[in-house]
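Student: Take this structure, written in structure tokens, and hold onto it; I'll ask about it next.
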Amino acid sequence: MRPWQLPLLLLLLAGPPAVRPAPPTCYSRMLGLSREISRDFQRLQATEPPEPCVTYLPRLYLDIHNYCVLAKLRDFVASPQCWHVAPVDALKEKVRKLYTIMNSFCRRDLVFLSDDCSALEYPIPATTVPPDPQG
């Protein structure tokens, strides 16, 4: 084997160069945006000193598999509290974007597994330890 053939052989065995990942699907876009909105809302509530109007905003715990989320998003955007408060305006714009994606672009991709509106009033506690199968 000639000395210049070894690097060429290694390059060929390494495979093709990495390709760009596939664009996000409607579902992945909705899921990612709902998580981003939930995180931003929690940060907004935890801001010190708190913006007084934030306490009057509708609660915003999102589950894109719950049919009631569309009404929840619509109510949040329409709420008159905190007009002209930059962080709230930015959050409302994200909520508006998610509503548009869910109601227009990705409507056919949605599968609602629940219509329990009260489930969107309080966050579902995250379990960090799996339940004991023997207990």
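Student: What are the aspartates and glutamates whose alpha-carbon lies under 19 Å from the alpha-carbon of Lys92, with same-chain residues fewer than 8 places away excluded?
Tutor: Result set, ordered by chain and number: Glu36, Asp40, Glu51, Asp63, Asp75, Glu121.
Student: Using DSSP to call loops (not H, G, I, E or B), can you name the trypsin sites (Lys or Arg not before Pro) in region 26-62 whose Cβ has at most 14 other Cβ atoms within 10 angstrom? Could you put the intermediate results ahead of the total?
Tutor: Values: sites: Arg29, Arg35, Arg39, Arg43, Arg59; in loops: Arg59.
For trypsin sites (Lys or Arg not before Pro) across region 26-62 that sit outside H, G, I, E and B with at most 14 neighbouring Cβ atoms in 10 Å, the list reads Arg59.
Student: Rounded to the nearest 20 Debye, what is the dipole magnitude of region 39-87 about its Cα centre when Lys and Arg each give +1 and Asp and Glu each give -1 at the C-beta? Don't jump to the answer; show the numbers that get you there.
Tutor: Values: 5 positive and 5 negative charges, 25 e Å.
That gives a dipole near 120 debye.
Where a number appears in this text, it was derived from the coordinates with a stated rule and is not lab data. Every value quoted in this text rests on a predicted model; they were computed, and no experiment measured them. All Cβ positions, even for glycine, are placed from backbone atoms using ideal geometry, and neighbour counts span all protein chains on display.
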